[in-house]
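What follows is a set of notes on a single structure, which appears directly below.
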């Protein structure tokens, strides 16, 4: 059975990885980004446009079976107005376009920062449905995205998987990433599971590898068929502490540097 998957933010770091690793016979990727991408020799469609452009979004959403929504502002340093426009209004536009085009599944790229002000407690891993504790304007925009995901799932019957992505990179880079690392291979396993899991309804899944020192639950990941294999522990001897690892308050909270009092000040 063939399927078409729309990937927003396809030129970003995770998007660039998934456009390679999710490609397979019978699946056509439609890659949307404001950044023009160089076409590869593959079975993909390339759309240079913003998902804030409703007309362009309708074209991109035509005859799509599933959406992976990676697009948006993914770091600190922007104003509240920017986050509200791109990450909140833009995400609502994605879900509503999916509704109009009868797309049955959306995988929403959330963030571990929605729980960024939660205390790290290895003895009591954080579950998937505890009350949010956002650490920044960025995190608040992701909480809003998860709320929209639940609304559209429960109101319109969409299958929606919210992936709370940890630190995605080739290998852990500091002490904090020893618990929240998401390896490239596990990233592929995660999004593949989110696409393939039968009738997940509304789900929140922590997007981290099977790290020895992880402090979040893998239960909902297991429920949708996500079985991470990589462990940051093998890199422990090669990482050095980052400034937030040495700060008593920031190192005790999930969000690290994002929890700083002045983090959202824009110069």
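Per-structure values
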quantity	calculated
Residue satisfying all of: in segment 161-177; under 14 Å from the mean Cα position of the chain (by Cα) and either surrounded by fewer than 19 Cβ atoms within 10 Å (Cβ to Cβ) or touching a residue at least 60 places away in the same chain (Cβ under 8 Å) (or both); farthest from residue 76 (Cα to Cα) among these	161
Breaking point among (1) in contact with a strand residue (DSSP E or B) (Cβ under 7 Å, 6 or more places away or on another chain); (2) without any contact (Cβ under 8 Å) to a residue 40 or more places away in the chain, for residue 142	(2)
Conditions (1) at negative phi; (2) out of contact with any helix residue (DSSP H, G or I) (no Cβ under 6 Å at 6 or more places or on another chain); number of the one not met by residue 230	(2)
Residue selected from segment 123-150 under the condition farther than 23 Å from residue 77 by Cα and touching a helix residue (DSSP H, G or I) at 6+ places or on another chain (Cβ under 8 Å), by the criterion surrounded by the most Cβ atoms within 10 Å (Cβ to Cβ)	149
Filter result for residue 240 (at pLDDT 95 or above, assigned to a loop (DSSP other than H, G, I, E, B) and surrounded by 18 or more Cβ atoms within 10 Å (Cβ to Cβ))	no
Counted residues, segment 227-243 - those being farther than 18 Å from residue 182 by Cβ and within 24 Å of the chain's Cα centre (by Cα)	0
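The values are calculated or read from the model by the stated rules, or taken from the named source; none is laboratory data. This structure is a prediction, so every number in the text was calculated from the model and none was measured. Note that we place each Cβ from the backbone using ideal geometry, even for glycine, and neighbour counts take in every protein chain shown.
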